[in-house]
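The values are calculated or read from the model by the stated rules, or taken from the named source; none is laboratory data. Bear in mind that the values here come from a model prediction, so they are computed numbers and not experimental data. As a convention, Cβ positions derive from the backbone with ideal geometry for all residues, glycine included, and neighbour counts pool all protein chains shown. Each accessible area value is taken on the protein alone, full model and side chains, heavy atoms only, with ligands, DNA and RNA left out. Shrake-Rupley method; radii C 1.70, N 1.55, O 1.52, S 1.80 Å.
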Amino acid sequence: MKFKINKFLLTSIVFVFTTMILNAQNNYFGFNGGLLNGGERVKVGDSSAGASDTGFYLGAMYEIGISEDLKIHSGIDYGNINDTSFGFLSARLKYYPIEKLFLQAGPQISYVFDELGDNLNKTGIDLSLGLGFDITDKFFIDARYSFELTNRVKSDLDITSKFRWLNVGIGFKL
């Protein structure tokens, strides 16, 4: 299973960089960062419990202009909550229903850099939904909520553990 996830990560990275090279107009590179709230929901049978905490994230992004109203926003972020480190690789479709205001949605891969134990997956597949606003041509603010589609627990038992993320930040396009 670990080989398939690493192969998927490699394929995703190659796809993002190939797309960046092939489409050179209306493209932007930039940086972003802000508040990261992470939570976990554990469900055992019919019972569930959850907890969350807040930290920060920093990252780099690349935006590909498909049309005036449609863009692909890919990013790689580092997050930290209570000395636990996370990595995020995402590709989101951005749609501008009106000038400067955008909606965004797409997949995200989340990775825990710290040790979790033998029965937990370090990698998860998430779905991100959000919105943002272009303050100027260079600065933007955005907020996105991501919920995990995969189970972090490696077990045949009726146990699930899923992360969820809230990113609220500011970005700068070069």
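List of remarks:
- Within the range 76-96, the set of residues being more than 18 Å from Gly65 (Cβ to Cβ), more than 10 Å from the chain's Cα centre (by Cα) and charged (D, E, K, R) comprises Asp83 only.
- Taken over the range 128-166, the criterion of being out of contact with any Phe, Trp or Tyr (no Cβ under 6 Å at 6 or more places or on another chain), closer than 19 Å to Tyr78 by Cβ and of a type in the set (S, T, N, Q) is satisfied by Ser128 alone.
- For Leu116: the one exception among (1) among the aliphatic types (A, V, I, L, M); (2) open to solvent by less than 80 Å² (accessible area, probe 1.4 Å); (3) part of a strand (DSSP E or B): (3)
- When the range 100-117 is filtered for residues that are free of Cβ contacts under 8 Å to residues at least 40 places away in the same chain and β-branched (Val, Ile, Thr), only Val112 remains.
- Here Tyr145 fulfils each of the conditions (1) open to solvent by less than 70 Å² (accessible area, probe 1.4 Å); (2) touching a Gly at 6+ places or on another chain (Cβ under 7 Å); (3) at pLDDT 95 or above apart from (1).
- For the range 97-104, the criterion of a residue being assigned to a strand (DSSP E or B), basic (Lys, Arg) and modelled with pLDDT of 95 or more is satisfied by no position.
- Test: residue in the range 86-99 that is closer than 16 Å to Tyr28 by Cβ and without any contact (Cβ under 8 Å) to a residue 24 or more places away in the chain: yes
- Lone qualifier among Lys154, Lys138 - being under 22 Å from Gly39 (Cβ atoms), out of contact with any Ser or Thr (no Cβ under 9 Å at 6 or more places or on another chain), open to solvent by 10 Å² or more (accessible area, probe 1.4 Å) and of a type in the set (Lys, Arg): Lys154
- Test: Asp156 is of a type in the set (Asp, Glu) and either touching a residue at least 12 places away in the same chain (Cβ under 8 Å) or at positive phi (or both): no
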